Amino acid sequence: MIASDDFTRFARAIEHRLGLRVESDRAFATAELIARRAAAHREPIANYLDRLDADQAELRALASELTVGETYFFRHVEQFNAFADVALPERMAARERVNVLSAGCASGEEPYTLAMLVRERVADPGRIGIHAIDVNPAALERAARGRYSRWALRATPSELESRWFEVDGRGIIVSPAIRAAVAFEERNLVDDGVLWTSDRWDVVFCRNVVMYFTELRAKEVIARIIYSLAPGGFLFLGHAETLRGRSDELELCHTHGTFYYQRKPVTHVRGPVVPAATAQHEPIATDSNWFAEIQAATERIHAMVDTALYPGTSATASALRPLDHVRELLGDERFVEALACLDELPAALAIDRDAVLLRALVFAHTGRLLEAEAACRGMLESGELAGAHYVLALCRESAGDPDGAAYHAQRASALDPSFAMARLHLGLLARRAGDRMLAALELARAIVLLERESHERVQLYGGGFKRQALVELCRAELAKAAS
Ligand SMILES: C[S@@+](CC[C@H](N)C(=O)[O-])C[C@H]1O[C@@H](n2cnc3c(N)ncnc32)[C@H](O)[C@@H]1O
């Protein structure tokens with residue numbers, strides 16, 4: 001049994017040493033983790049918690065457990081386009097040696113994408129150094145292996161796929177030239193260190209990392225990154241991590257349908273000071289202000305609707321709609337958190353078909369294909385379900401079984417003729433199989449269906465893509481099928 005004081009001590013230690021927020025709504029999973037790690041060290045909880053202040057090996061083990069590593073090649077491609085068209089040429093014009101950092105690189109897809117773009121665009125790629133860091137040693141091992149499932153390439157243009165990847169059994173491996181172009185290093189963003197010297201980096205990608213940090217740590221890490229950016233250097237953050245109005249040190253750039261920041265060429269940037277303790281509860285000066293406002297407004301609207309639907313209850317929106325919350329997490333590709341929410345569902349709700357389907361989707365997206373397939377096949381035993389067939393199609397495709405994938409995508413389409421993503425997958429499968437007529441037909445149908453597809457289904461099955469991005473993907477594939 002874990003006391004609430006123990007939970008608080010653990011959360012403080014994790015915030016202090018890794019920057020991560022330990023959510024109170026994950027109390028059950030956190031208690032299980034604390035008990036398991038204490039048992040691994042054969043010591044009482046209190047002694048185990050003492051260990052967290054100094055034990056580096058334990059910190060590494062916890063980093064592997066607690067960090068969220070979702071990523072894929074060419075994730076939010078508009079930012080990579082801005083990197084290749086704007087940041088890279090500007091920095092190459094500014095200095096001979098250009099240093100690029102992927103901070104929180106997870107299993108390597110982001111820095112490898114940067115390396116591919118450098119090789120595509122730069123005649124002398126030796127001028128560009130790409131450094132990639134992460135605190136999770138297990139993720140870095142995967143990055144060093146450079147072996148991925150097909151799903152990790154879902155946003156990769158096919159010509160780049162054929163140039164920079166090689167088929168390796170059922171997986172795909174990054175070519176040796178790209179692997180050699182990235183220097184991976186295990187590092188903690190929360191630590192001070194050599195990474196953050198002045199004028200060190202020309203371009204920093206730190207996407208989808210500080211969103212998991214407490215406000216205080218996010219603020220410190222961002223301050224260090226800004227300090228280490230060369231004048232004129234660029235910072236790319238994730239979509240939920242904007243900094244608008246943060247200071248006069250960075251300018252917001254808006255090109256290629258995305259945003260990023262540039263350090264003004266000559267400005268005085270404060271050193272990477274640790275914010276004073278009194279600043280602990282100040283909100284981080286980022287766009288999260290307007291983001292939070294929109295979220296709060298949305299919550300208020302949900303609450304009004306809930307009050308109308310469930311008169312007499314005062315439950316919050318998220319308590320009433322736990323599966324909606326999971327769907328939102330899935331839409332944001334926050335799979336680990338989605339799974340944690342599913343784990344916390346009351347038993348009666350956990351066996352609901354919607355919940356089982358969501359679990360299967362999370363498994364499919366995180367490479368747990370056998371578990372995803374088992375969950376779907378279990379569901380199909382009690383009746384046909386388009387969603388279960390669709391997830392099976394994803395699994396079969398990742399397992400290198402295009403026929404099985406096509407069978408299940410067809411079943412999904414037959415059961416639900418309005419299912420846009422099933423059509424899209426049929427189109428992609430047909431194009432890969434060289435059936436250009438069928439590919440064109442399915443992709444054209446997918447475009448029509450996507451326009452009418454509900455927001456929830458796009459969020460759920462879109463694999464992190466928004467509706468418009470999916471339509472553009474179909475158009476690009478259609479053009480290839482027609483050429
Ligand atoms: C969601 S992934 C983002 C991957 C990639 N940047 C992207 O956007 O596709 C977040 C990564 O940040 C890493 N991370 C979390 N806390 C960190 C810390 N204190 N220091 C370094 N990396 C950290 C995690 O291990 C994880 O691999």
Notebook entry, point to check: Hey, got the dipole for segment 336-483? About the Cα centre, +1 on K and R Cβ, -1 on D and E Cβ, debye to the nearest 20?
Noted result: 600
Next item on the list: Give, as a single signed number, the net charge of other residues whose beta carbon lies under 14 Å from the beta carbon of residue 382, with Lys and Arg counted +1 and Asp and Glu -1.
Entry: -2
Margin query: As a test question: what accessible area, to the nearest 10 Å², does residue 53 have when a 1.4 Å probe is rolled over all protein chains in place?
Written below: 110
Next item on the list: Considering the options 180, 136, 167, tell which one lies farthest towards the positive end of the dipole of segment 125-228, charges being +1 on Lys and Arg and -1 on Asp and Glu at the Cβ, about the Cα centre.
Entry: 167
Notebook entry, point to check: Suppose every K and R has +1 on its Cβ and every D and E has -1 on its Cβ; what is the size of the dipole of segment 4-66 about the Cα centre, in Debye to the nearest 20?
Noted result: 140
Notebook entry, point to check: Taking 0.36 nm per residue of separation and subtracting the Cα-Cα distance, what length does fully extending residue 168 through residue 46 add?
Noted result: 39.2 nm
Notebook entry, point to check: Taking segment 35-79, which trypsin sites (Lys or Arg not before Pro) meet the DSSP loop condition and have no more than 15 other C-beta atoms within 10 Å?
Noted result: 42
Check: Per-residue ellipticity at 222 nm for the chain, helices alone: DSSP H runs ≥ 4 residues times -39500 (n - 2.57), over residue total, nearest 500 deg cm²/dmol?
Finding: -16500 deg cm²/dmol
Checklist line | When segment 321-482 is reduced to its Cα atoms, the Kirkwood hydrodynamic radius in Å | finding: 15.8
Next item on the list: Pop out the Kirkwood hydrodynamic radius of segment 4-66 from its pairwise C-alpha distances, inverse of mean 1/r, in Å to one decimal.
Entry: 11.6
Item checked: Sparsely packed trypsin sites (Lys or Arg not before Pro) within segment 78-107, loop by DSSP, other Cβ within 10 Å at most 15 -> 95, 97
Margin query: Need one word for segment 114-201: rounded, prolate or oblate. Basis is the Cα gyration tensor (sqrt eigenvalues a ≥ b ≥ c); a/c below 1.5 gives rounded, then a/b vs b/c decides.
Written below: oblate
Check: Of 48, 233, 8, which is farthest on the positive side of the dipole of the chain, counting Cα position, with +1 on Lys and Arg Cβ, -1 on Asp and Glu Cβ, and the Cα centre as origin?
Finding: 233
Margin query: To make sure I understand the rule: partners must be aspartates and glutamates, Cα under 16 Å from the Cα of residue 264, and not fewer than 8 residues away in the same chain. Which ones qualify?
Written below: 90, 199, 202, 248, 249, 251
Checklist line | Percentage, to the nearest whole number, of Cα pairs in the chain over 39 Å apart | finding: 26
Item checked: segment 133-147 and segment 424-457: distance between their alpha carbon centers, rounded to Å -> 34
Next item on the list: Give the long-range amide H neighbours of residue 209: residues separated by 5 or more places, or on another chain, with amide H under 5 Å away, using H modelled in the peptide plane at 1.01 Å from N.
Entry: 238
Checklist line | Relative contact order, percent, segment 321-482 [alpha-carbon distance under 8 Å, six or more residues apart] | finding: 18
Next item on the list: Would you work out the charge dipole size for the chain about its Cα centre, treating the Cβ of every Lys and Arg as +1 and the Cβ of every Asp and Glu as -1, and quote it to the nearest 20 debye?
Entry: 1020
Margin query: Need the C-alpha centroid separation for segment 1-80 versus segment 346-381, integer Å.
Written below: 26
Next item on the list: Calculate what fraction, in whole %, of the accessible area of the chain sits on carbon and sulfur atoms when a 1.4 Å probe is rolled over the protein chains.
Entry: 55
Next item on the list: With a probe of 1.4 Å, find how much accessible area segment 321-482 has per residue, and write the answer as a whole number in Å².
Entry: 43
Note to self: Given the options 388, 420, 398, identify the residue whose Cα lies farthest towards the positive end of the charge dipole of segment 385-444 (+1 on Cβ of Lys, Arg; -1 on Cβ of Asp, Glu).
What the structure shows: 420
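The values are calculated or read from the model by the stated rules, or taken from the named source; none is laboratory data. None of the values given here were measured: they were computed from a predicted structure. Every residue, glycine among them, receives a Cβ derived from its backbone with ideal geometry; neighbour counts consider all protein chains shown. Side chains are part of the model used for accessible areas, which takes the heavy atoms of the whole protein and leaves out ligands, DNA and RNA. Shrake-Rupley method; radii C 1.70, N 1.55, O 1.52, S 1.80 Å.
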